[in-house]
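The values are calculated or read from the model by the stated rules, or taken from the named source; none is laboratory data. As the structure is a prediction and not an experimental result, all values here were calculated from the model. Here Cβ is always computed from backbone atoms with ideal geometry, including for glycine, and neighbour counts include all displayed protein chains. Just the protein is used for accessible areas: all its heavy atoms, side chains included, with ligands, DNA and RNA removed. Shrake-Rupley method; radii C 1.70, N 1.55, O 1.52, S 1.80 Å.
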Amino acid sequence: MKIISVVGARPNFIKIAPFIRAIEAFNLENNSKIEHVLAHTGQHYDKNMSDKFFKELSIPMPDVNLGVGSGSHAEQVGHTMIKLEKLLVKENPNWIVVVGDVNATLAGSVTAKKLNIKCCHIEAGLRSKDIRMPEEINRLVTDRLSDLLLTPDRISVENLKSEGVKDHQIRFVGNIMIDTLEANRSKAESLDINRIIYDNLIEEVNDNVEFHEEDFALMTMHRPSNVDEIEILAPIIDFLINEVCLRMNLFWPVHPRTMKQLKRFNLFEKLLNEERMFLLKPLGYHEMMRMNMLAKIMLTDSGGLQEECTVLGTPCLTLRWNTERPVTLKEHGGASVLVGNDVAKIMKEFSETLAESRIPKRPELWDGNTARRCVEEIVNFLV
Ligand code: UD1
């Protein structure tokens with residue numbers, strides 16, 4: 001059997017690492033030979049966004065890099081499809097595997113199905129019900145086309161059933177991101193927080209500053225809906241400076257999209273001059289996990305971090321009005337609260353969250369063994 005996996009952006013790399021290891025383990029245990037080809041679209045190309053993750057997570061170098069790079073969504077998807085079609089025709093795989101909800105996921109599933117190649121979607125069935133989100137479009141199209149839909153939770157199973165996907169195509173396997181988290185937990189625990197900060201600070205900071213492990217907030221933000229308009233971004237920045245930094249240090253690894261916008265709106269200098277605000281380069285996987293483990297509170301618009309907070313027990317304010325991952329919300333036992341981008345709401349939840357102490361519940365099958373189940377489901381799939 002030949003499988004081609006397609007990845008493009010940072011969260012994909014984290015999800016594909018355990019899948020590749022599970023294929024290797026399956027081949028060893030069953031004396032079989034699933035041939036695997038890894039195709040990187042090149043959507044994320046910076047060292048900090050891509051290479052760092054391949055090295056840290058011991059992902060084999062991609063067999064093919066389609067070199068698509070930046071561009072509008074249509075450009076990214078279109079260029080990927082043109083190049084991927086040639087690869088699929090040449091390799092003629094039995095399966096294409098796509099993960100998550102990025103542009104590579106959409107381009108991969110559409111190209112495969114146009115060539116009548118079976119498609120498996122890992123992390124199927126997530127729905128924010130917000131069609132303005134590019135990722136929601138990617139999820140909807142990919143799930144509509146996929147033959148085998150592997151879901152991270154039971155809510156996603158119900159979403160797919162309500163859309164008419166047939167039972168035999170849906171398999172609840174758990175969350176593959178958590179395989180990576182559990183496999184890398186002890187390495188992350190061994191890292192020193194001061195080292196992480198000094199290695200990644202964007203600005204020059206006096207070497208004598210000692211960072212303490214307690215009471216800091218951690219922040220990430222990259223969604224177009226939060227960073228592309230000054231009317232939304234500027235009040236959030238004011239909140240960070242006037243409220244969060246008043247109470248504790250704030251560490252913020254800045255995504256390239258956000259960095260561009262901060263500079264464009266002249267907000268970057270303002271942040272650099274703030275005493276308790278520390279802007280960092282995009283962190284490596286272990287570095288981010290270590291910071292997450294130690295943070296008093298997380299502020300983020302990343303879906304993956306919502307999930308990681310739920311497993312690591314870090315209270316999380318999700319800077320979005322909806323989520324495709326309801327299982328991470330407090331009402332389902334998770335760590336996260338939706339606060340949107342309205343500063344009054346963020347402020348209220350920030351104070352309330354800091355005042356309470358609770359331990360989130362680990363969702364079902366987020367046990368570190370999801371990748372093995374994914375491989376078994378592909379191998380056992382009957383049309
Ligand atoms: C993408 C995914 C998003 C995911 C996020 C994680 C889609 C639709 N979005 O969003 O779901 O949560 O990745 O990081 O696929 N850039 C660089 N260097 C890089 C990569 C990007 O400078 O290595 C710049 C690009 O030039 C672009 C901007 O950052 O201007 C945004 O990159 P893009 O790939 O379009 O989407 P993300 O916002 O990263």
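Note on region 219-238: among residues that are within 16 Å of the ligand (Cβ to nearest atom) and hydrophobic (A, V, I, L, M, F, W, C), the one that is farthest from Trp321 (Cα to Cα) is Met219. Per the conditions (1) open to solvent by less than 80 Å² (accessible area, probe 1.4 Å); (2) under 15 Å from Ile155 (Cβ atoms), the sole criterion not satisfied by Phe381 is (2). Residues in region 260-304 that are more than 16 Å from the ligand (Cβ to nearest atom) and either open to solvent by 40 Å² or more (accessible area, probe 1.4 Å) or closer than 18 Å to Asp228 by Cβ (or both): Asn266, Leu267, Glu269, Lys270, Leu271, Leu272, Asn273, Glu274, Glu275, Arg276, Met293, Lys296.
For region 239-259, the set of residues classified as within 16 Å of the ligand (Cβ to nearest atom), surrounded by 18 or more Cβ atoms within 10 Å (Cβ to Cβ) and in a helix (DSSP H, G or I) consists of Thr258 only.
Restricting Leu66, Leu88, Leu38 to residues that are within 19 Å of the chain's Cα centre (by Cα), more than 12 Å from the ligand (Cβ to nearest atom) and either surrounded by fewer than 21 Cβ atoms within 10 Å (Cβ to Cβ) or at pLDDT 95 or above (or both) narrows the list to Leu38. Across region 93-123, what is the number of residues that are in a loop (DSSP other than H, G, I, E, B), within 16 Å of the ligand (Cβ to nearest atom) and either over 14 Å from Leu145 (Cβ atoms) or modelled with pLDDT under 95 (or both)? Adding up the residues that qualify gives 3. Among the numbered conditions (1) surrounded by fewer than 19 Cβ atoms within 10 Å (Cβ to Cβ); (2) on the phi > 0 side of the Ramachandran plot; (3) touching a residue at least 24 places away in the same chain (Cβ under 8 Å), the only one that Met49 does not meet is (2). Of all the numbered requirements in (1) hydroxyl-bearing (Ser, Thr, Tyr); (2) free of Cβ contacts under 8 Å to residues at least 40 places away in the same chain; (3) open to solvent by 40 Å² or more (accessible area, probe 1.4 Å), Ser109 misses one, and that requirement is (3). Considering (1) open to solvent by 10 Å² or more (accessible area, probe 1.4 Å); (2) of a type in the set (A, V, I, L, M); (3) more than 29 Å from Leu201 (Cβ to Cβ), the lone condition that Ile14 does not fulfil carries the number (3).
Among the conditions (1) touching a residue at least 40 places away in the same chain (Cβ under 8 Å); (2) within 16 Å of the ligand (Cβ to nearest atom); (3) surrounded by 18 or more Cβ atoms within 10 Å (Cβ to Cβ), Arg132 misses just one, which is (3). Just so you know, in region 148-157 the residues that are surrounded by 17 or more Cβ atoms within 10 Å (Cβ to Cβ) and of a type outside the set (Gly, Ala, Ser) include one that is farthest from Arg320 (Cα to Cα), and it is Leu148. If you go through region 41-63 and keep only what is in a helix (DSSP H, G or I) and within 12 Å of the ligand (Cβ to nearest atom), you end up with Lys47, Asn48, Met49, Ser50, Asp51, Lys52, Phe53.
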